[in-house]
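Notes follow the structure.
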Amino acid sequence: RPTPPWVASGTAAEGEGEVRAAIVVRDGIDVDMQNLSLEVGPQVLKIGLEGHDVFELDLPSAVDAAVNPKARWLEKSRTLRIRLALSEDDAAATAREAPPIVDAA
């Protein structure tokens, strides 16, 4: 899918039991939290900006679509930062894959 003209870049990475997404908006585009909309699916995040095409960002891991995302608009860097909870299945798999903690004492 093509990236809408209002999006400069979009990234998503998994870490610390959540997926963190960052969407950088091009200069000259008016943004505030009131004209943004988020739709969370298990593998995709849809970001809407009033008057513009929806941006779809593929996620690296399944997220829990029932948990409200935490979103913050940073005006200085023109970046929307979003934190999404991992789905229970992915969180459990990540915990199983983690190496055991060895007590050196």
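Overview of values
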item: Boolean, residue 91 is modelled with pLDDT under 95, part of a loop (DSSP other than H, G, I, E, B) and at negative phi; result: no
item: Options 50, 14, 39: the member that is within 14 Å of the chain's Cα centre (by Cα) and more than 15 Å from residue 85 (Cβ to Cβ); result: 39
item: Selection within the range 54-69 - modelled with pLDDT of 95 or more and over 14 Å from residue 14 (Cβ atoms); result: 54, 55, 56
item: Residue ID - surrounded by the most Cβ atoms within 10 Å (Cβ to Cβ), chosen from residues in the range 16-67 that are in contact (Cβ under 8 Å) with a residue 60 or more places away in the chain and part of a strand (DSSP E or B); result: 19
item: Failed criterion for residue 104 (all others in (1) modelled with pLDDT of 90 or more; (2) out of contact with any strand residue (DSSP E or B) (no Cβ under 6 Å at 6 or more places or on another chain) hold); result: (1)
item: Per-region count, the range 68-88, residues part of a strand (DSSP E or B) and loosely packed, with under 14 Cβ neighbours inside 10 Å; result: 3
item: Top-ranked residue of the range 1-13 - restricted to ones that are touching a Leu at 6+ places or on another chain (Cβ under 7 Å) and part of a strand (DSSP E or B), ranked as nearest to residue 77 (Cα to Cα); result: 10
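The values are calculated or read from the model by the stated rules, or taken from the named source; none is laboratory data. Every value quoted in this text rests on a predicted model; they were computed, and no experiment measured them. Positions of Cβ are backbone-derived with ideal geometry, glycine not excepted, and every protein chain shown enters the neighbour counts.
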